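Input: a single structure, listed below in structure tokens.
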Amino acid sequence: MKKIDVSALVRENIRDLKPYRSARDDFDSGILLDANENSFGAPFADDLELNRYPMPYQNELRDKIAAFRGVDTENVFVGVGSDEAIELLFRIFCKPGKDRVIINPPTYGMYKVSAAINDVAVDEVLLTENFQLQPDKILEAVQPETKMIFICSPNNPTANSLDIDDIMQVLNEFEGIVVIDEAYVDFSTQASLVGNLTDYNNLVVLQTMSKSFGLAGIRLGIALADAEIISYFLKVKAPYNINKLTAQKANQAFSNLDNLQKNINAVLEERERVISKLITFPQVKRVYPTDANFVLFRIDDAMEVYKKLADEGVIIRYRGNEPHCEDCLRLTVGTSVESDRFFAALKNIQ
Ligand SMILES: *Cc1c(COP(=O)(O)O)cnc(C)c1O
């Protein structure tokens, strides 16, 4: 059981913040004439009462997520994508112009963007050539101002899961916030870190409905953490961050978990087919191990291939500018029809 003093890491202005009290914090039933809503309604038939503001804390949805992930509702924050959760972590913990974070490139680009927006310095400790963490080097890079370490597993764009022992070493030895981004965890054979939340109050697990749930369009991201950290999220977030349309669709997903699992299985099956086909192309030099719904591969003249694929109407991602990713392309696992279009185009341009 690791217990750090979370409140000592939080920026003073956030610790002292008196959050905005919305009208719905005080009353949520009765003749509601307190929020300047339009009682005459939306200009179309509407069964969601869209003329009324949504619930500020989304307790129903948070209950469902908590049950699904095996935690309590007080351990769940829902945001406008994981991107909101990342942004709020910076606002809660990092003093602009002073504090620092550590990231492990090649990795997800938003950590750096959010850091830059918040004027927070980023220290980079590269993954190894096999795309694994270097925990000793990460811990050496920690400075007194280092507030957070971002670890993405399965990692984007490399697709592999990071060694759990390396993650645990960082979690055990770092006296700040360790953020594990598990956007792709439902495609992985490696277990989620949520099981460790009760033992580590410095752990924040990020998840999302954008990938395995197939709901990127509703923008629903999740942070799972100790109740104290979640209370800071709730304090700092915009009062009505999750809108009613998003909440309705997110709730609906939890009534259709059989289909969720079917879709995940379909992705995993197609992923194996894509890999086995990809390795038959002589110009493909390496297909990296994947624990996600995409594949990173190395190919001769990657930039050229990328552009020619686009000319053929098949869009994948060039990642050759990332460290250890020279000549690498990232391919999302699509339907078999989409993948076959990709393979036909790849064949055409060789
Ligand atoms: C796709 C992705 C996300 C999801 O972000 P949302 O804002 O929830 O859509 C988060 N982290 C990583 C590493 C991703 O690749």
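In the stretch 1-56, which residue that is closer than 25 Å to residue 225 by Cα and among the small types (Gly, Ala, Ser) is farthest from the chain's Cα centre (by Cα)? So the residue we want is 22.
Listed conditions (1) crowded, with 17+ Cβ neighbours inside 10 Å; (2) without any contact (Cβ under 8 Å) to a residue 60 or more places away in the chain; (3) under 27 Å from the mean Cα position of the chain (by Cα); (4) not in a loop (DSSP other than H, G, I, E, B) are all met by residue 314, apart from (4).
Residues in the stretch 138-155: is at least one within 16 Å of the ligand (Cβ to nearest atom) and either among the hydroxyl-bearing types (Ser, Thr, Tyr) or surrounded by fewer than 17 Cβ atoms within 10 Å (Cβ to Cβ) (or both)? Within the stretch 138-155, one or more residues are within 16 Å of the ligand (Cβ to nearest atom) and either among the hydroxyl-bearing types (Ser, Thr, Tyr) or surrounded by fewer than 17 Cβ atoms within 10 Å (Cβ to Cβ) (or both). Residues of the stretch 113-133 that are out of contact with any helix residue (DSSP H, G or I) (no Cβ under 7 Å at 6 or more places or on another chain) and open to solvent by less than 50 Å² (accessible area, probe 1.4 Å): 121, 123, 127, 128, 131.
The values are calculated or read from the model by the stated rules, or taken from the named source; none is laboratory data. Bear in mind the structure is a predicted one, so any value in this text is a computation, not a measurement. Every residue, glycine among them, receives a Cβ derived from its backbone with ideal geometry; neighbour counts consider all protein chains shown. The area values use the complete protein model at the heavy-atom level, side chains included, leaving out ligands, DNA and RNA. Shrake-Rupley method; radii C 1.70, N 1.55, O 1.52, S 1.80 Å.
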